[in-house]
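What follows is a set of notes on a single structure, which appears directly below.
The values are calculated or read from the model by the stated rules, or taken from the named source; none is laboratory data. Note that the structure is a prediction, hence the values are computed from the model and not measured. With ideal geometry, Cβ positions are generated from the backbone for all residues, glycine too; neighbour counts draw on all protein chains shown. Accessible surface is based on the protein model in full, side chains and every heavy atom, while ligands, DNA and RNA are left aside. Shrake-Rupley method; radii C 1.70, N 1.55, O 1.52, S 1.80 Å.
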Amino acid sequence: MRILFLTTNTKLVGGKERYDKDVIRALREREKNVRTVRLTGKSFAKKAAFVFIACEKAVFFRPDVIFSSHVSFSPVIYALYKFLKIPYVIFTAGLEVWDIKKKSLKKALRSARLIVYISNYTKERILNKMRELERKMFYLPPTVRENLFGIKEKPP
């Protein structure tokens, strides 16, 4: 399976960035062909480059599915879906989806194949505004790295 994964800057250190890295790593461990496009800044030039590269990879890589790690990328993947018929999945993490008002984001969420959420609170906030998405919701919690966290023998 070929997957195009649009993500924020996974070189940063944060919970969302760690979550995205873990999902990408897990997909690759399952021998999925994953290509990533990272948004590395907030300037217009960085955003324009991100959209251009995402479109270029969608056309030439021809993924079976596009994963969007942030709802703000959904208008881009919705356009790719309309033109290239590539299904997509939107990952939701928190306040960016708690009170969606933009029609373009709502339209993209409605057309998504799947909407991944990381907490029941986020799921309920989304469904409070868009109940029709319930059948598309999928829970994928953050992971814990056992080598860093876990139960160890108590020192004497």
### Task
Compute the long axis of helix 74-84 from its Cα atoms, compare it with the longest principal axis of the Cα atoms of the chain, and write down the angle in degrees, 0 to 90, nearest 10.
50
### Task
Would you tell me the accessible area of residue 36, worked out with a 1.4 angstrom probe on the heavy atoms of the protein chains, in Å² to the nearest 10?
40
### Task
Provide the packing ranking of 1-9, 102-110, i.e. peptides ordered by the mean count of other C-beta atoms within 10 Å per residue, highest first.
1-9, 102-110
### Summary
From DSSP H assignment alone, runs of 4+ in the chain each adding -39500 (n - 2.57), the sum over residues rounded to the nearest 500 puts [θ] at 222 nm at -12500 deg cm²/dmol
### Query
What is the distance, in nm, between label points placed 7 Å from the Cα along the Cα-to-Cβ direction at residue 132 and at residue 103?
1.4
### Query
Of the residues 69, 111, 43, which exhibits the maximal mean-square fluctuation in a Gaussian network model of the chain defined by a 10 Å Cα contact cut-off?
43
### Summary
Helix 44-61: inclination vs the chain longest Cα principal axis, degrees, rounded to 10, gives 80
### Query
Counting Lys and Arg as +1 and Asp and Glu as -1, each charge on the Cβ, what is the dipole of the chain about the Cα centre in debye, to the nearest 20?
460
### Query
With all protein chains present and a 1.4 Å probe, how do 22, 99 order by accessible area, largest first?
99, 22
## Note on the structure
One computes Rg over Rh for the chain from alpha-carbon atoms, with the Kirkwood Rh, and obtains 1.01
### Task
Within 10 Å, count the other beta carbons around each residue, average over each peptide in 45-53, 60-68, and list them highest first.
60-68, 45-53
### Query
Using a ≥ b ≥ c from the Cα gyration tensor of region 1-55 (square roots of the eigenvalues), is it rounded, prolate or oblate, where a/c under 1.5 gives rounded and otherwise the larger of a/b and b/c decides, a/b for prolate?
oblate
### Query
By how many degrees, between 0 and 90 and to the nearest 10, does the Cα long axis of helix 15-29 differ from the longest principal axis of the chain?
90
### Query
In this model, which of 82/103; 11/42; 21/103; 42/123 are farther than 23 Å apart at the alpha-carbon?
21/103; 42/123
### Summary
Once all protein chains are kept in place, residue 35 shows an accessible area at probe 1.4 Å, nearest 10 Å², of 100
### Query
Given labels modelled 7 Å from the Cα in the Cβ direction, how far is it in nm from residue 28 to residue 44?
3.5
